[in-house]
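Read the figures in this text as sums done on the coordinates, not as results from a lab. Every value quoted in this text rests on a predicted model; they were computed, and no experiment measured them. Cβ sites come from the backbone with ideal geometry, for glycine too, and all protein chains shown count toward neighbours.
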Amino acid sequence: MGLAVAAASHAIDGLEPRDVVSVHSESEVVEVIRGANERSEAIVVAGGRTRLGIGDPLADALALRKQRWPVEAGMHDRATVGGTLASAAGGPSRLRYFHPRDWVIGARVVLGDGTAVRSGGKVVKNVTGYDLTRLWSGTFGTLAAIVELTLKLTAVPERTVTLAIELDIATALAKAAEIHAGGLPIDALAIVAGDAAQSLGARGDALLLVRIAGPVAAVRRLGRALREIVTCRDVGNEVWERVAALPLDSKWTARVAWSPGARPPLEFAGYSAVVYPANGAAYLLRTIDRPTFRRVRDSLEALDGYAVLERAGRDYKREAGGAWGKSRVPLPIARALKERFDPRGVLAPGRMPA
């Protein structure tokens, strides 16, 4: 365990930490958090720092056994499994494989007082503490530091094909809705719009991407069915890594969501964005003025959706009404959880509304 010198690389909203501590074992995590708890100091837990303002050896090891963890968080060379779970990272795989927490069986974490605890188990049938394991997802390191995860895996598909269609944004949204409503077992569905689409080589204002995966014969049948709906061309599957990384590369990113299956409350014309229409989610990738963002947030929250500022300056967040907007967890419950797992507020104080 030692101190790193590049504190600037760990800055959050322009604020640099006093110290950066690198740890390599659970005992070191316990030591650091326990010491901070005793001194009433604050700690922000970081992994690959891909979502702090919110090496992929895992994939390499699993590929040898033709297995994978079916979660695409973007920036695979930096993203860590713990950080992906803690930040509930979204991505193309959400359509077929849902939430990252659905692919975690058990966890070992260190609480804010330095106590190491285990939840869940080592095998699927062992469900003791399973709900507690799911709790760590989306807490952004405010309740516990994740030091070990037991993952649920799936087989690597025999064949994967990605189809691309260049359309205007309105037609892309309509075709995406038609494809999703048709009930075809597609693997991923996304629309990349505006400047983001051009960064992927599109000449129009939107690029509709569809991924199909499975046995060779099934993929061939799905490809024929999709081509009956829309004229499309094959592109390399690596495009999905670029799509997943776009919200992390952008200097300003807002994550918005609405009820899955419902018509998007935004038309997305004029936006640089990554849209997952079947999931009811999108990432806006180019700064919009604060009054417009507040109107977007209000319209989404009125429909039980949300707009979260994942990447924005400190002043922008404050003037836009905060990073999170309306809390989706009642504050008394959020505060009770914080007091239970991190009684002195050591872990990322102030990062979330509670």
Subject >> Distance (nanometres) between label positions extended 7 Å along Cα→Cβ at VAL117 and GLU178 >> reply: 5.2
Original post:
In angstroms, what radius of gyration and Dmax does segment 70-212 have, counting Cα atoms only?
Top reply: 18.5, 54
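By how many nm would the segment from PHE98 to SER259 lengthen if fully extended, with 0.36 nm per residue of separation less the alpha-carbon distance?
Contour length minus Cα-Cα distance gives 56.5 nm.
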Subject >> Where Cα atoms sit under 24 Å apart: lysine pairs in the chain separated by 8 or more or lying on different chains >> reply: 10
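Divide by every residue of the chain the summed helix terms, -39500 (n - 2.57) for each DSSP H run of at least 4, and state the resulting mean residue ellipticity at 222 nm, rounded to the nearest 500 deg cm²/dmol.
Taking each H run of at least 4 residues, the total per residue is -8500 deg cm²/dmol.
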Original post:
How long is the gain from GLU148 to VAL329 if the chain were fully straight, where each residue apart is worth 0.36 nm and the alpha carbon distance is subtracted?
Top reply: 62.5 nm
Original post:
So what are the three principal axis dimensions of segment 258-354 from its Cα atoms, in whole Å, longest to shortest?
Top reply: 46, 31, 20
Original post:
For segment 159-319, what does the alpha-carbon gyration tensor say about shape, rounded, prolate or oblate, given a ≥ b ≥ c as the root eigenvalues, a/c under 1.5 as rounded, and a/b over b/c as prolate?
Top reply: prolate
Original post:
On full extension of the chain, what length is gained from ARG203 through VAL216, given 0.36 nm per residue of separation minus the C-alpha to C-alpha distance?
Top reply: 1.6 nm
**OP:** Mind computing the radius of gyration and Dmax over the alpha-carbon atoms of segment 147-218? Å is fine for both.
**Re:** 15.3, 45
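Place the peptides 143-156, 94-107 in order of packing, highest mean first, counting for every residue the other Cβ atoms within 10 Å and averaging per peptide.
94-107, 143-156
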Original post:
Kirkwood Rh, Cα Rg: Rg to Rh for the chain?
Top reply: 0.97
